[in-house]
Ligand SMILES: C[C@@](CO)(OP(=O)(O)O)[C@H](O)COP(=O)(O)OP(=O)(O)OC[C@H]1O[C@@H](n2ccc(N)nc2=O)[C@H](O)[C@@H]1O
Ligand SMILES: Nc1ncnc2c1ncn2[C@@H]1O[C@H](COP(=O)(O)OP(=O)(O)O)[C@@H](O)[C@H]1O
């Protein structure tokens, strides 16, 4: 039997860090939404007593226990005493180590797909709790859609979809380590975004309100490690994006664009000096994972 799952990327419309916790993680408040840029996960049953095998044609994606989709399969096998093997094929589209939760979304897709393959009968809420053991962003990725994520990112409150718009993404060549970025954050020197106002803007379907309230406290940390982020932000604004921000720990920069007529010009302009550029729609609805 073969199961296919879509694993969409996320962007953080708003990312605030409240404080560092005794367990080393940071308490966050993030408004996240899924976009139409997705990896494809193909799960094939390998029969009784088999192991977990990972195939991907991307040299930056680990093909062993370090892969988050592998960890998802291992966790379900152990927890539910599954004795069957599985092959996990990952068609990578989301840039790696980019602040777009590619690995987390692959793990979430593996959880959803294996739940079907092995007839585990788990709800999305149960999968989201299991996902939190793999990484802070996995719970959100189990559901997709749009949500406020709190705690270390694993507490999810669903919110409605933002109004449809275009998202242009541009990723500088090198990736960044999320752990390094959190480590570099000096909380007494940041301007906190207004999480509440972002949620209100989404609920009011105010595209202008969303643009006005984009904010990410991690941006200034990554900017120091990768000055190219500032250059890309500048170019995106100059080519005509309505608002721009770095996603997550970066270094990917996204620009919001309301009208399709502007998208091609901004995309073409950025392609001039950035290899990985994408123009996609915001998904925003949970049902759009299918
Ligand atoms: C920054 C964000 C924003 O959505 O995304 P990315 O940039 O990775 O996509 C997330 O908070 C990243 O989530 P995720 O990538 O799942 O992080 P994890 O694997 O759980 O943690 C990696 C490391 O980041 C730090 N970390 C992560 C989450 C958090 N709330 N506080 C932290 O301090 C810890 O040092 C941890 O060891
Ligand atoms: N399925 C996967 N896809 C991409 N990277 C993965 C995957 N599994 C583990 N990784 C590791 O996780 C790291 C972070 O990758 P990723 O999830 O793409 O970025 P981010 O945390 O910035 O959103 C990568 O450097 C890679 O070594």
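The values are calculated or read from the model by the stated rules, or taken from the named source; none is laboratory data. This one's a predicted model, so the numbers in the text were calculated from it and none came from an experiment. Cβ atoms come from the backbone with ideal geometry, glycine included; neighbour counts cover every protein chain shown.
Regarding residue 55, is this residue away from ligand 1 (no atom under 16 Å from the Cβ) and in contact with a strand residue (DSSP E or B) (Cβ under 7 Å, 6 or more places away or on another chain)? In short, yes.
Residues in segment 148-162 that are within 16 Å of ligand 2 (Cβ to nearest atom) and under 16 Å from residue 34 (Cβ atoms): 2 in all. All of 223, 218 fail the test of being surrounded by fewer than 18 Cβ atoms within 10 Å (Cβ to Cβ), assigned by TED's automatic domain parsing to the domain that holds residue 201 and touching a helix residue (DSSP H, G or I) at 6+ places or on another chain (Cβ under 8 Å), apart from 223. As a summary of the residue check, residue 52 satisfies the conditions (1) under 22 Å from the mean Cα position of the chain (by Cα); (2) free of Cβ contacts under 8 Å to residues at least 60 places away in the same chain; (3) surrounded by 16 or more Cβ atoms within 10 Å (Cβ to Cβ) except for the one numbered (1).
Only a single item in (1) under 15 Å from the mean Cα position of the chain (by Cα); (2) under 15 Å from residue 14 (Cβ atoms) is not met by residue 144, and it is number (2).
A Cβ distance below 8 Å, combined with a sequence gap of six or more or placement on separate chains, defines the contacts here; from segment 122-136, residues that are closer than 13 Å to residue 153 by Cβ and modelled with pLDDT of 95 or more reach residues that are in a loop (DSSP other than H, G, I, E, B) and within 14 Å of ligand 1 (Cβ to nearest atom) in the pairs 128/154; 131/154; 132/154; 136/25; 136/152; 136/153; 136/154. In this structure, residue 69 qualifies as within 16 Å of ligand 1 (Cβ to nearest atom), part of a helix (DSSP H, G or I) and either at pLDDT 95 or above or on the phi > 0 side of the Ramachandran plot (or both). Going through (1) over 30 Å from residue 174 (Cβ atoms); (2) within 15 Å of ligand 1 (Cβ to nearest atom) one by one, residue 132 falls short only on (1). For the condition within 13 Å of ligand 2 (Cβ to nearest atom), touching a residue at least 60 places away in the same chain (Cβ under 8 Å) and assigned to a helix (DSSP H, G or I), residue 97 does not qualify.
From the list 110, 98, the one residue that fits, being buried (at least 17 other Cβ atoms within 10 Å of the Cβ) and closer than 17 Å to residue 56 by Cα, is 110.
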